[in-house]
Amino acid sequence: MKSPIIAIAAFLTTISLTTTVQAANSEHIRQLLATKQCQNCDLTGAGLVMADLSGANLSGANLTGANLSRANLSGADLRGANLSGASLFGVNLSQARFSGANLAGADLRNTYLTNAELNGAYLNGTNFQGAVGIPSQIASPEDFYALGVAQAQKGNEQQAISYFSQAIAIKPEYAGAYLARGVARYQILDRQGAFLDAQVAEKLFSSQQNTSGIQTTQAFIKELQTPYTEKTSSGNPSFVDLFGSVGSLLLQFLPF
């Protein structure tokens, strides 16, 4: 994840897996499903949706364009494997090993990556939107911030809060992430948490002499201090609507 620009572009681009130049080796597929041992196998474009491949040895395998959606690859050995353009949507990848693997353009949306080893993997254009447990070593604070904004815009506030918290853990002075987390907390009616985050954001923006950040945060604090009115019964404003109402979108804090 080299930059938020690349990350966001990847989130908005779906790689077509409907056409593959080359078919998977059917014998290799049978071998994999029967033994979970398929080193250096040719699994190009293979259909392995929901397959139980926990602990499988797929080191060096060619899985270009393969469809592994909802499969269980927990603890799998994928070192040196080619997963470019592969669909791993919703896959359990906890404790999987990917060192030296090619995940360029792979779809890892909503995957579980807890304790996965991704050091040394090629991740250009990899789509991590909605993934849980992304190792901090492979993403910058700005990447986590971009992921959080995308989730917040979809109404997934809890996931957004998790991403903003990861950005803050890596970069404690990230004022924009505090403000963003405050807004997400406001959306789930955690006014106290939102106010605390807003206060931290205001102090950080002030120390950084970020006029736009200070003004945006102060407008948000004013919103928090405004008593609930009858209009709230029609539903809370969306993440984007709220920032429109306080004068600025958090997208301005994405570094381009």
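Within the shell defined by Cβ-Cβ distances under 15 Å, the residues around Gln209 carry a net charge of -1, with Lys and Arg each +1 and Asp and Glu each -1.
When you count the other C-beta atoms within 10 angstrom of each residue and take the mean per peptide, 94-104, 28-38 line up highest first as 94-104, 28-38. Partners of Lys36 within straight-line reach, counting aspartates and glutamates whose Cα lies under 19 Å from its Cα and excluding those fewer than 8 residues away in the same chain: Glu27, Asp52, Asp77.
Label sites at Arg70 and Ile188, each approximated as a point 7 angstrom past Cα along Cα to Cβ, lie 2.6 nm apart.
When both segment 17-95 and segment 131-190 are represented by their alpha-carbon centers, they are found 31 Å apart.
Which shape class applies to segment 26-112: rounded if a/c is under 1.5, otherwise prolate when a/b exceeds b/c and oblate if not, where a ≥ b ≥ c are the square roots of the Cα gyration tensor eigenvalues? In terms of gyration-tensor shape, rounded. Annotation: the residues Tyr186, Tyr112, sorted from fewest to most other C-beta atoms within 10 Å of their own C-beta, follow the order Tyr112, Tyr186. In this label model, Gln218 and Ala34 are separated by 7.3 nm, measuring between points 7 Å along each Cα→Cβ vector.
Every number here is computed from the coordinates shown, using simple stated rules; none is lab data. Keep in mind the model is a prediction, meaning the values are calculated, not measured. Glycine also receives a Cβ, built like all others from the backbone with ideal geometry; neighbour counts cover every protein chain displayed.
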